[in-house]
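The values are calculated or read from the model by the stated rules, or taken from the named source; none is laboratory data. Since the model is a prediction, treat every value here as computed from it, not as a measurement. FYI the Cβ positions are ideal-geometry reconstructions off the backbone, even for glycines, and counts take in every protein chain you see. Calculation scope for accessible area: heavy atoms of the full protein, side chains included, ligands and nucleic acids excluded. Shrake-Rupley method; radii C 1.70, N 1.55, O 1.52, S 1.80 Å.
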Amino acid sequence: MRFMFIVKATGYSEAGGNYNQKYTDAMIAYKKSLAGAGVLVSAEALHPSSTGIRIMYPSDSEKPEILVGPFLADQELIAEYTLIDVDSEADALNWALRMPVPTGCGEFKIEVRKLKKNLGFLRYSGTCALEADLKDQLSMLKNF
């Protein structure tokens with residue numbers, strides 16, 4: 001089962017501040033432990049919303065409205081995410097509870113969400129490229 005840990009943005013993360021070295025080292029160690037256990041799929045931090053663009057579709061119009069950041073941190077923005085693949089929700093919760101928390105930067109929220117099962121219509125671009133290459137090679141072999 002795949003789970004996403006969604007770390008909510010704070011005023012501190014939205015300001016683009018760097019966390020102290022102790023927290024940074026703890027996060028590196030945490031992500032290495034996820035990778036070492038074979039459960040880490042992906043982990044990325046996002047730039048502050050000041051670099052973001054939001055597309056909104058009002059209910060009374062088909063024309064989208066383009067908004068340029070920054071957006072308010074109280075709008076439940078995302079600062080970073082970690083995607084893991086584990087056997088159970090209990091495993092996901094245990095890993096989430098191990099995530100380091102920065103001190104002195106305000107309230108820190110982590111949301112744990114289970115991903116829906118991949119229905120096969122979403123595939124990795126690398127896999128698609130390999131399949132296309134193999135089809136080309138098979139086509140060439142048939143022509144010999």
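Structure values in brief
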item	result
Karplus (6.51, -1.76, 1.60) ³J(HN,Hα), θ = phi - 60°, over region 4-18, in Hz, Gly and Pro reported as x	10, 9, 9, 8, 6, 6, 10, x, 5, 5, 5, 6, x, x, 8
Neighbour cut-off at most 16 other Cβ (10 Å), DSSP loop, trypsin sites (Lys or Arg not before Pro), region 1-78	none
Sequence-distant residues sharing a close amide H with I78 (under 5 Å, placed H)	A9
Cα-based convex hull volume of region 2-143 per residue, rounded to whole Å³	203
Accessible surface, the chain, averaged per residue in Å² (probe 1.4 Å)	73
Amide H partners (placed H, <5 Å) of V41, local residues excluded	L83, I84, D85
Cα-based helix-to-principal-axis angle, 89-98 vs the chain, degrees rounded to 10	50
Computed [θ] at 222 nm, deg cm²/dmol, the chain (DSSP H ≥ 4; -39,500 (n - 2.57); rounded to nearest 500)	-10500 deg cm²/dmol
Sulfur and carbon atoms: percent of accessible area, the chain [1.4 Å]	57
Exceeding the 27 Å Cα-Cα cut-off - candidates K31/K109; K8/K117; K31/K116; K117/K142; K114/K135; K8/K31	K117/K142; K114/K135
